[in-house]
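The values are calculated or read from the model by the stated rules, or taken from the named source; none is laboratory data. Just so you know, these numbers come straight off a predicted model, no measurement behind them. As a convention, Cβ positions derive from the backbone with ideal geometry for all residues, glycine included, and neighbour counts pool all protein chains shown. Note: accessible area is taken over every heavy atom of the protein model, side chains too, but ligands, DNA and RNA are not part of it. Shrake-Rupley method; radii C 1.70, N 1.55, O 1.52, S 1.80 Å.
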Amino acid sequence: MALLPILHYPDERLHTVAKPVTNVDERIRKLVRDMAETMYAAPGVGLAATQVNVHERVLVIDVSEDKSGLMAFINPEIVEKRGEQVCEEGCLSVPGIYEKVARAEFVTVKALNVEGQAFELEAEGLLAVCIQHEIDHLDGKVFVEYLSPLKQNRIKGKLKKRSRISA
């Protein structure tokens, strides 16, 4: 397994719309393992392939306290949304930035697992937020784009300044 480099906002590659996976094979299973290792090391609770510059519809999520609940979603699609919740979100591609975002409270998602088998999952709370957040990445959208243009510009400025200091 390998740690993958995570793209940081406002990198334009984060706006690439991911292509569907046509064949769930060993290459995709390795990508899932590498993404999981990268997510845990970061540390985070979700990671989309877009964030590691792989533009295929693959994401991993683990909202468990002990890192025992890894879920992989290949070609995920939200088929139902209900309710609304406002949660503070962060993102491995926008390090150190946390903002409140309104999302559906309940979602039903269908996807393929690492064996290529279809499944459907109903999610609420943090898991529902993570699924929506990560699917946004696959669609080329970063959570800060839900914020006002003023807040987006402040965040871009803060991240650019931070990258100059660490360079």
| request: Using a 1.4 angstrom probe on heavy atoms only, work out the carbon and sulfur share of the accessible area of the chain in %. | output: 52
| note | As a Kirkwood estimate from alpha-carbon pairs, the stretch 80-142 has a hydrodynamic radius in angstrom of 12.6
| query | Can you list, bin by bin at 5 Å, the percent of alpha carbon pairs in the stretch 16-160, starting at 0? | reply | 2, 10, 20, 23, 22, 14, 7, 3, 1
| message | Largest first, please: the extent of the C-alpha atoms of the stretch 107-153 along each principal axis, to the nearest Å. | response | 43, 21, 11
| How long is the gain from ARG164 to HIS55 if the chain were fully straight, where each residue apart is worth 0.36 nm and the alpha carbon distance is subtracted? | 36.5 nm
| task | Scan the chain and report its longest stretch carrying no GluC sites (Glu not before Pro) that are both in a DSSP loop and have at most 14 other Cβ atoms within 10 Å. | result | 1-64
